[in-house]
1. Which of the residues spanning the range 145-156 are free of Cβ contacts under 8 Å to residues at least 40 places away in the same chain and farther than 9 Å from residue 52 by Cα?
2. Scan the range 140-166 for residues that are farther than 19 Å from residue 78 by Cβ and in a helix (DSSP H, G or I) and jot them down.
3. Are any residues in the range 43-63 over 26 Å from the mean Cα position of the chain (by Cα) and either surrounded by 20 or more Cβ atoms within 10 Å (Cβ to Cβ) or without any contact (Cβ under 8 Å) to a residue 60 or more places away in the chain (or both), and if so, which ones?
4. Identify the single condition in (1) under 28 Å from residue 24 (Cβ atoms); (2) more than 15 Å from the chain's Cα centre (by Cα); (3) crowded, with 20+ Cβ neighbours inside 10 Å that residue 129 does not satisfy, given that it satisfies every other one.
5. Find the helices (runs of 4 or more DSSP H) located wholly in the range 45-121 whose residues include 3 or more that are over 28 Å from residue 166 (Cβ atoms) and in contact with a helix residue (DSSP H, G or I) (Cβ under 9 Å, 6 or more places away or on another chain), and list them.
């Protein structure tokens, strides 16, 4: 995404004579918005479908019922841990995704000009503030929680049969993706109200 964004923005910035601001603009866009949202959508596609399908197949094969009969709380062993894992891992994946995307932006900048790695990242980090980084990181916890919650909910409430398992996996991805955009919209509104923009 960093490489594509850099290549798309360059012609417009050259037209207005502010090509030197390219690392700053791309860095802020990646850290504040593109990195967290794209990473969360990819995460939802993989994790929500996996949770929905796995828990749905466990329900279809009556493994969840067997846990309840055995006196084991299936929510404790199947749901809580998945939600916690997705909540804690998405911020880490977002940081990694941002780093890879910024490196891609560095490559994009060097396609038409020559900029050192040190200069590129100095320009990016000099213009990033805590008001850019912290809200972006905080919202990824909510994205991860939503993905885990929706994936588990859809899996636990799937209908009987293989069609129900497929439907649970599919609807978990769709609903998680929509919820990511809703949470992002709310996060932008809250940070705007708090004056962090």
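The values are calculated or read from the model by the stated rules, or taken from the named source; none is laboratory data. Remember, predicted model here, so these are calculated numbers, not experimental data. We place every Cβ from the backbone using ideal geometry, glycine too, and count neighbours over all the protein chains shown.
1. 146
2. Taking the range 140-166 as the starting set, the residues that turn out to be farther than 19 Å from residue 78 by Cβ are 140-143, 161-163, 166.
Within the range 140-166, 140, 141, 142, 143, 162, 163, 166 meet the criteria.
3. 58, 59, 61, 62, 63
4. (3)
5. Working: elements: 49-60, 63-69, 81-112.
Passing ranges, in order: 81-112.
A quick yes/no check of all residues on (1) at pLDDT below 85; (2) surrounded by fewer than 19 Cβ atoms within 10 Å (Cβ to Cβ); (3) within 21 Å of residue 134 (Cα to Cα):
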| residue | (1), (2), (3) |
| --- | --- |
| 8 | no, yes, no |
| 41 | no, yes, yes |
| 68 | yes, yes, no |
| 73 | yes, yes, no |
| 80 | no, yes, no |
| 86 | no, no, yes |
| 94 | no, no, yes |
| 102 | no, no, yes |
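Results for (1) within 22 Å of residue 90 (Cβ to Cβ); (2) at pLDDT 85 or above, shown as yes or no for each residue.
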{"residue": "113", "(1), (2)": "no, no"}
{"residue": "140", "(1), (2)": "yes, yes"}
{"residue": "150", "(1), (2)": "yes, yes"}
{"residue": "155", "(1), (2)": "yes, yes"}
{"residue": "164", "(1), (2)": "no, no"}
{"residue": "175", "(1), (2)": "yes, yes"}
{"residue": "179", "(1), (2)": "yes, yes"}
{"residue": "193", "(1), (2)": "no, yes"}
